[in-house]
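Participant: Right, I'll just put the structure down here and ask away after.
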Amino acid sequence: MSESSCVGNTTRDEYRATVDKSVLFLEGRYETLARTTRKEMESAADTLRELNPGIEVVPHDLVLSSDNAFDVLGPAVARHDLGGPAAWGVIMAADAVGLIIGGLVALRFTPRRPIRFVVLIGGACAISPLALAGTAGNDVIFATGHDDTLTGGGGVDQFVFNKTTGAHTITDFSTIDDHIDLTALSSVVTAATLNSWFASNVKASTTDPSDTLITVGSTETITLHNVLVANVHASDFLVHA
């Protein structure tokens, strides 16, 4: 049997702590995880100040959302699933090349009605649907405010919704393994109102009875493709306590 790649690189206690944090994250216990992480960061900052009193450590609060998930989680995903930091470098380089090419095209192309052109392009980007897919392992997938098609891809997946707009579809939701995270939408549903909310907002789709339609807010829906409403339960949802 081959040894794990972490053997010799971490202690048993450090490995246990990492596993515990992963469990907290997957269970949606973000506040507990945030408090633990903040204490560790404050301890590391104190150690850094002791080593070099001239260093000033300035804390910044960063809330993970669909707007910054790519930049925040991208390097970690590249390191874990794509072979290392070099993969993230390639992605960033491709992004930069795209910006350069786009800039060159913009220099050579002058629209006759620039204001209308900008409005049309901006509108097209704003309403364009997105397809987000996970891996064969355990994934946390953040929906956006657009019309998203979300695919977990296997494993234990968590689909996070923190906006109240968009007509989303989850293509492979598993009522056994997966969860829908509505923790950020405490104005819509909480633990105290979950059962009544579930009874009123989780129905069979009128366009396809084999799908389940979830009405989150007045302008947001989630369709569970090929999932009968009878198989969906309140325990499939993670909500604010």
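Participant: Of the conditions (1) basic (Lys, Arg); (2) under 28 Å from Lys163 (Cα atoms); (3) modelled with pLDDT of 70 or more, Arg49 clears all except one; give me its number.
Facilitator: Here Arg49 clears every test but (2).
Participant: Right, another one. (1) charged (D, E, K, R); (2) over 21 Å from the mean Cα position of the chain (by Cα); (3) open to solvent by 50 Å² or more (accessible area, probe 1.4 Å): which one isn't true of Asp211, the others all being true?
Facilitator: (3)
Participant: Within region 162-187, which residues are modelled with pLDDT under 90 and not polar (S, T, N, Q)?
Facilitator: If the condition is that a residue be modelled with pLDDT under 90 and not polar (S, T, N, Q), then Lys163, Gly166, Ala167, Ala184, Leu185 are the ones that fit.
Participant: Let me ask something else. Would you confirm whether any residue within region 226-237 is under 24 Å from Thr135 (Cα atoms) and at pLDDT below 90?
Facilitator: So far as region 226-237 goes, no, none of its residues is under 24 Å from Thr135 (Cα atoms) and at pLDDT below 90.
Rundown of residues vs (1) in contact with a strand residue (DSSP E or B) (Cβ under 6 Å, 6 or more places away or on another chain); (2) under 28 Å from Lys163 (Cβ atoms); (3) at pLDDT below 70, yes/no style:
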{"position": "Glu56", "(1), (2), (3)": "no, no, no"}
{"position": "Val77", "(1), (2), (3)": "no, yes, yes"}
{"position": "Leu130", "(1), (2), (3)": "yes, yes, yes"}
{"position": "Val140", "(1), (2), (3)": "yes, yes, no"}
{"position": "Gly145", "(1), (2), (3)": "yes, yes, no"}
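Participant: Just checking, how many residues over region 159-191 are in a strand (DSSP E or B) and over 18 Å from Asn231 (Cβ atoms)?
Facilitator: So the answer is 7.
The values are calculated or read from the model by the stated rules, or taken from the named source; none is laboratory data. None of these values were measured; they are calculated from a predicted model. Don't worry about glycine lacking a Cβ; one is built from the backbone with ideal geometry, like all the others, and counts go over all protein chains shown. Note: accessible area is taken over every heavy atom of the protein model, side chains too, but ligands, DNA and RNA are not part of it. Shrake-Rupley method; radii C 1.70, N 1.55, O 1.52, S 1.80 Å.
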